[in-house]
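Asks: Structure provided below as structure tokens; questions to follow.
Here, each number is a calculation from the coordinates, and none is a lab measurement. Please read all numbers here as calculations on a predicted model, not as lab measurements. Note: ideal-geometry Cβ built from the backbone for every residue, glycine included; neighbour counts use all protein chains shown.
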Amino acid sequence: MDELDRKIINDLQAGFPLTEQPYAEVAARHGITESELLSRLQQLLDNKTLSRFGPMYDAEKLGGAFTLAAMQVPEQDFDKVAEVVNSYAEVAHNYQRDHQFNMWYVLATETPDQINLVNRDIEKRTGLKVFSMPKLTEYYIGLQLPV
């Protein structure tokens, strides 16, 4: 990743233009062509610098649901369990913590009932208990991760 990639990522975290040619607009802000911008974004996805590039939807406003889930995964099984958890399209992100509950992930489902279905299926496939912690209150913090 070079300095221009960093600037592009930081810029896009602040918002994506809702115009007829959003990529061309972003590219122009950085003095490059639309095709170079698209190529850079694809390279960042291909080399796993970015895990995804796309909009964030509020599942609850669309009739769905969110939950934060935690698991206690034996260290020697962590990668295998992460592969199972990450195989679900409903898993928004999954991360490791240095804690008794060492695997945490966020589920976003189309319906509230799917939360339990996905978590029970993960339990069945991994043999490990999933602890689901649904959101009680939402706070907007405007998170940006400067690169």
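Asks: What is the ratio of the Cα radius of gyration of the stretch 59-133 to 2.2 N^0.38 Å, with N the residue count, to two decimals?
Replies: This ratio for the stretch 59-133 stands at 1.04.
Asks: If the only charges are +1 at each Lys and Arg Cβ and -1 at each Asp and Glu Cβ, what is the size of the charge dipole of the chain around the Cα centre, to the nearest 20 debye?
Replies: On the way: 14 positive and 22 negative charges, 72 e Å.
Dipole magnitude for the chain comes out near 340 debye.
Asks: Would you compute the Debye intensity of the chain from its alpha-carbon atoms alone, equal scatterers and no solvent, and pass along log10 I(q)/I(0) at q = 0.12 Å⁻¹ to two decimals?
Replies: Rounded to two decimals, the profile gives -0.65.
Asks: Counting other Cβ atoms within 10 Å, which GluC sites (Glu not before Pro) in the stretch 14-115 have at most 11 and lie in a DSSP loop?
Replies: Taking the stretch 14-115 and a limit of 11 other Cβ atoms within 10 Å, the loop GluC sites (Glu not before Pro) found are 20.
Asks: Then there is this: Roughly how many debye, to the nearest 20, is the charge dipole of the stretch 3-46 about its Cα centre, given +1 on each Lys and Arg Cβ, -1 on each Asp and Glu Cβ, and no other charges?
Replies: Dipole magnitude for the stretch 3-46 comes out near 140 debye.
Asks: Excluding same-chain pairs closer than 8 in sequence, count the lysine pairs in the chain whose Cα atoms lie under 18 Å apart.
Replies: The result is 4.
Asks: Helix-only mean residue ellipticity at 222 nm, the chain, DSSP H runs n ≥ 4 weighted -39,500 (n - 2.57), per residue, nearest 500. What is it?
Replies: That calculation yields -11500 deg cm²/dmol at 222 nm.
Asks: Let me ask something else. Between residue 143 and residue 25, with labels modelled 7 Å along Cα→Cβ, what's the label distance in nm to one decimal, could you check?
Replies: Result for the modelled spin labels: 2.6 nm.
Asks: Still on this structure, please answer the following. With the Cα gyration tensor of the stretch 3-46 in hand, convert its eigenvalues to equivalent ellipsoid semi-axes via √(5λ) and list them largest first in whole Å.
Replies: 15, 12, 10
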